[in-house]
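Novice: The structure that follows is given in the form of structure tokens.
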Amino acid sequence: MRVAVVGGGISGLAAAHRLRALLGPTAEITVVEQADRLGGKIRTTELAGRRFDVGAEAYLARRPEVSALLAELGLADDVTHPTRARSTIRAGGVTRHIPGGHVMGVPASAGAVADLLTPEGLAGVAAEPGLPPLTLDGDTALGPLLRARFGDELPERLVDPLLGGVYAGSVDGLGLRATLPAIAAALDAGATSLTEAAARSLPTPTGQPVFGTLRAGLGSLVERLAESATVRLGVPVRELARTATGWRLALGANAPAHQPPDPVLDVDAVVLAVPAASARKLLDGVVPAASAAYGRVEVASMAVVALALPEGAELPGTSGVLLGAGERRLDGSPYAVKAFTFSASKWAHLGGDTVIVRGSVGRFGDPGALKADDDELVRLVRADLVELTGVTAPPVDAVVTRWGGGLPQYATGHAALVAEIERAVAAEPGLAVAGATLHGVGLPACVATGDAAARRVADHLAAHRPG
């Protein structure tokens, strides 16, 4: 049995690992990745002599997928959780603690957000339960809904910064059902206001950590998963085609007519775990409906600027700060960053001789500081850090990592779009899809799509195994 996994991010690697477990040691599992490294949005690099994550830095521990995978791989003993340092938000020009009692910024009561809003903004939140009952007819744009029910302050000061940290997108461009599914489910179940829906959706306190990571960096997970397959790096897949017995992948960039044809890889089944633009291209002419649906997914670019400050640099004793798009510096100019993570405070294992900070840059539709070169981007992020914290010490090391088109936008109707993709692919034996475009951009959701794709492929192969 031969299976190709196209895409060496966490979704593709999780699929390869599960395929190995399901198909056994004799199966030929090949991961084909066009970049020169594995991991996708996981990237562990060296900063001031220590391993540091400049892509995804943690996973949601309340979901089981990554925790179970780490235990399966023998990495559970390296798991660590954040300190008790609280996170903050820049709202109305003031840095405040992020309150509790809300679901991604949608409050279960007006009191939960009283410290973030003006009296006028708070009055709008307090009045929301008394508005005409809210009913959903399909999906709806999140920003306009929140503004109509609460006014402008709540979405701009709380919901937008929180969702911007996940999707690098604006609250006005995201859909309710894909980004706040618990709120949508509560409304479907009879809640008549967003406030009531949030109150019904608040997670039950368990005392367990919300997030987790690996002390040696999440790159350790990538390295362990890669052991499940043969890995081919720096090899783009140019074309995907069905054959009489399975699938053929044309490898390599388009070659001029006078050159020999590109090599091919013939397999019995394929898992596509690539971004939306690549999936659209590969499925064009093979599964046209899925290709067209992938083509409707927009993406955002971002960058992470990691700074190692000298010993003694005194940051706030918080885990970091989020900033809304409307926040401004003292001179009236916009901030370059959308968030800072004070990594040395957030993660105990990152304490030491240097003080590590992450600045996140980039919002959908607004390249802003991303247009600057790396040196200028570091300067802009440092200027924001000075304004927000007063820390002026120059870094002893800095790393800029750019993610061009790295984050899919979950717009209105995204769930229906994904259902369209999965229905079309399900009609093609031996083909499955995975990745952040589908059911969530976090690591657990990506692992879940890889696992599901592997099981679909394994079931197909088992049904068609000779004898």
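Novice: May I have the count of lysine pairs in the chain with C-alpha atoms under 21 Å apart, counting pairs 8 or more residues apart or located on different chains?
Specialist: Within the chain, the lysine pair count is 6.
Novice: Something else now. How large is the helix-only mean residue ellipticity at 222 nm for the chain, computed as the sum of -39500 (n - 2.57) over DSSP H runs with n ≥ 4, divided by its residue count, in deg cm²/dmol to the nearest 500?
Specialist: Value at 222 nm, helices only: -9000 deg cm²/dmol.
Novice: In whole angstrom, note down how far apart the Cα centers of region 397-467 and region 168-207 are.
Specialist: Centre-to-centre distance over Cα atoms comes out at 24 Å.
Novice: Next up: Mind sorting Phe150, Phe342 by how few other Cβ atoms lie within 10 Å of their own Cβ, fewest first?
Specialist: Phe342, Phe150
Novice: Sort 203-213, 439-449 for me by packing, meaning the mean count of neighbouring Cβ atoms within 10 Å per residue, highest on top.
Specialist: Values: 203-213: 11.5, 439-449: 23.3.
Top to bottom by mean Cβ count within 10 Å: 439-449, 203-213.
Novice: Can you tell me, using C-alpha contacts under 8 Å and at least 6 residues apart, the relative contact order of the chain as a whole percent?
Specialist: Relative contact order of the chain: 24 percent.
Novice: Mind ordering 129-135, 224-230, 344-350, 359-365 by average Cβ neighbours within 10 Å, highest first?
Specialist: Details: 129-135: 12.4, 224-230: 18.6, 344-350: 20.1, 359-365: 22.1.
In descending order of packing, they fall as 359-365, 344-350, 224-230, 129-135.
Novice: So which DSSP H runs in the chain come out at 15 Å plus along the axis (Cα) with average Kyte-Doolittle of at least 0.0?
Specialist: Span-like helices, by this rule, are 10-23, 374-389, 414-426, 443-463.
Novice: If you don't mind, another one. Suppose each label sits 7 Å from its Cα in the direction of the beta carbon; what would the Ser109-Leu202 distance come out to in nanometres?
Specialist: The answer from the label model is 0.7 nm.
Novice: Which residues does a label at Ala289 reach in region 449-463, if reach means a backbone N under 17 Å from a point 7 Å past the Cα toward the Cβ?
Specialist: none
Novice: Right, next: So what's the gap between the Cα centers of region 12-84 and region 302-332, to the nearest angstrom?
Specialist: Result: 28 Å between the Cα centres.
Novice: When a/c reaches 1.5 or more, the comparison of a/b and b/c decides; with that in mind, is region 102-193 rounded, prolate or oblate per its Cα gyration tensor?
Specialist: oblate
Novice: Using the per-residue mean of other Cβ atoms lying within 10 Å as a proxy for protection, in what order, highest first, do the peptides 374-382, 18-26 fall?
Specialist: In decreasing order of mean packing, 374-382, 18-26 become 374-382, 18-26.
No value in this document is a laboratory result; all are computed from the given coordinates. Given the structure is predicted, the values throughout are model-derived calculations rather than measurements. Please note: Cβ atoms are built from the backbone with ideal geometry, for glycine as well, and neighbour counts cover all protein chains shown.
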